[in-house]
1. Before we move on, is residue B:44 free of Cβ contacts under 8 Å to residues at least 40 places away in the same chain and either touching a Ser or Thr at 6+ places or on another chain (Cβ under 8 Å) or away from chain A (no Cβ under 11 Å) (or both)?
2. What number of residues in region B:51-87 are over 17 Å from residue B:18 (Cβ atoms) and among the polar types (S, T, N, Q)?
3. Looking only at residues that are touching a Lys or Arg at 6+ places or on another chain (Cβ under 7 Å) and of a type in the set (A, V, I, L, M, F, W, C) in region B:113-160, which one is surrounded by the fewest Cβ atoms within 10 Å (Cβ to Cβ)?
4. Among the residues of region B:83-93, is any at pLDDT 95 or above, touching a Pro at 6+ places or on another chain (Cβ under 7 Å) and on the phi < 0 side of the Ramachandran plot?
5. Determine whether residue B:150 is within 26 Å of residue B:96 (Cα to Cα) and touching a residue at least 24 places away in the same chain (Cβ under 8 Å).
6. Hey, among the residues in region B:77-99 that are in a helix (DSSP H, G or I), of a type in the set (A, V, I, L, M, F, W, C) and loosely packed, with under 15 Cβ neighbours inside 10 Å, which one's farthest from the other protein chains (Cβ to nearest Cβ)?
7. Output the qualifying pairs, or none if there are none: Cβ atoms under 8 angstrom, residues six or more apart or on different chains, first residue in region B:49-76 and more than 10 Å from chain A (Cβ to nearest Cβ), second residue part of a loop (DSSP other than H, G, I, E, B) and of a type in the set (Phe, Trp, Tyr).
8. Any residue at all in region B:15-29 that's within 11 Å of chain A (Cβ to nearest Cβ), under 21 Å from residue B:168 (Cβ atoms), in contact with a Leu (Cβ under 8 Å, 6 or more places away or on another chain) and modelled with pLDDT of 95 or more?
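The values are calculated or read from the model by the stated rules, or taken from the named source; none is laboratory data. Note that this is a predicted model, so its numbers are computed, not measured. Don't worry about glycine lacking a Cβ; one is built from the backbone with ideal geometry, like all the others, and counts go over all protein chains shown.
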Amino acid sequence: AKAHLDHDEL
Amino acid sequence: MNIFRLAGDMTHLASVLVLLLKIHTIKSCAGISLKTQELFAIVFLTRYLDLFTNFISIYNTIMKLIFLGSSFSIVWYIRRHRVVRRSYDKDQDTFRHFFLMWPCLILAIFINEKFTLKEVMWTFSIYLEAIAILPQLVMLQRTRNIDNLTGQYIFLLGAYRAFYILNWIYRYFTEEHYVHWITWVAGVIQTLLYGDFFYYYFQSWKNNVKLELPA
């Protein structure tokens, strides 16, 4: 899944 | 960015500011667990290893810097500041906190999304954050009498966790492929740890009496 390793949260 | 995520970040930021306010202006860290603060500093350090390599937004970068800077300065204040460190209640803060790190590290090595140093450290920080509040909760339970700022600090931290769960629910329904088992399970466990505290916090608020935990 695309969002998986984005770590766009804090 | 949705409203729940923003509310979560803002309550997290507010919790840090309340604690810094207490330490900086009243020059007291009474009731605050150094062990928990040290764990939070390690959490941010290991989570934001990608600070300079993975750009998300200006907002994210600034918030990361604030959380890193504030967590390390809080630890510095409690350990090193001439006046503040005298108010630190060492005898009530006896949790062997570094032992919490081993199970988190082992779990992160085996349960992660990708076996790279950065990803394992990130996962470690998620697991560690989930239980980092434990020394603080143990200390609260022991001292029982909680001053307003300490109570607000822990309430805001719990609120931050609760808003993040709402944020995940929102993102699950609005974004494609948004499934984060590791963060979700760790995050729900972390939020549940605040449950007991929330109960007594609201009781004291409703009855307009000073917050006090039962023995």
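1. Answer is no for this residue.
2. Count: 5.
3. B:149
4. Yes: one or more hits.
5. The answer is yes for residue B:150.
6. B:99
7. So the pair list comes out as B:61/B:55.
8. The answer is no; no qualifying residue exists.
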